[in-house]
Every structure is written in C-alpha cells, then in structure tokens.
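The values are calculated or read from the model by the stated rules, or taken from the named source; none is laboratory data. These numbers were taken from a predicted model, which means no experiment stands behind them. Note that we place each Cβ from the backbone using ideal geometry, even for glycine, and neighbour counts take in every protein chain shown. Protein only, heavy atoms only, side chains kept; ligands, DNA and RNA dropped before computing areas. Shrake-Rupley method; radii C 1.70, N 1.55, O 1.52, S 1.80 Å.
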Amino acid sequence: MVQDRKSSTRSGHSKLLELRSQRQADATNPSEWTQAGLAHKVGASVRSVKAWEAGDTLPRLFYRRRLAKALGVSVSDLGF
C-alpha cells in the first residue's frame, strides 16, 4: 500500500493533507473527509492515509489515481 519514504514538503505538511482539509471545510458533511473517510473512499487503511499526509511514505500509483479521483484533482496535483 505504501512505497518508499519521502520527506514532508517545505511547508511542513503534504499537498494531500491540504486538499483533504479543503474538501472537509467545504463539505456539507465534513465527516466524509476525515482520514478514515478518505481511506474508505480509496480503499486504503487509515494508517496509510496518515503516512501519506505526514510525508512518511508515497502511495503507489494505484492509490494516487484513486486519491486524485476522490479529491477531484489530477494525479500531478497531489504533489507526489
């Protein structure tokens, strides 16, 4: 589910965290955009989503595509 280690972005958090937080702020049902909610949407574990957001690991291409689709962005917009 996870690929290799990656350091956090310059701002100290990942683009994925930023995108998910924005969706959560804009949502009529913010609980859909928790880490658990996103994990469910993409078929990953909450532990994986936490690691991706922390910049500790990179999601495999399979999950990058699912994340992009769930968040409504391109794969390159994820910042991985």
Notebook entry, point to check: Which residues, counting only those in the range 58-80, are assigned to a helix (DSSP H, G or I) and aromatic (Phe, Trp, Tyr)?
Noted result: 62, 63
Note to self: Just to be sure before I move on: is residue 21 polar (S, T, N, Q), at pLDDT below 90 and assigned to a helix (DSSP H, G or I) in the structure I sent?
What the structure shows: no
Next item on the list: Give the range 35-57 a look and list any residue that's at pLDDT below 95 and assigned to a loop (DSSP other than H, G, I, E, B), or say none.
Entry: 55, 56, 57
Check: Of all residues in the range 12-32 being under 12 Å from residue 70 (Cβ atoms) and open to solvent by 30 Å² or more (accessible area, probe 1.4 Å), which is nearest to the chain's Cα centre (by Cα)?
Finding: 23
Margin query: I'd like to know if the range 34-54 contains one or more residues that are touching a residue at least 40 places away in the same chain (Cβ under 8 Å) and open to solvent by 50 Å² or more (accessible area, probe 1.4 Å).
Written below: no
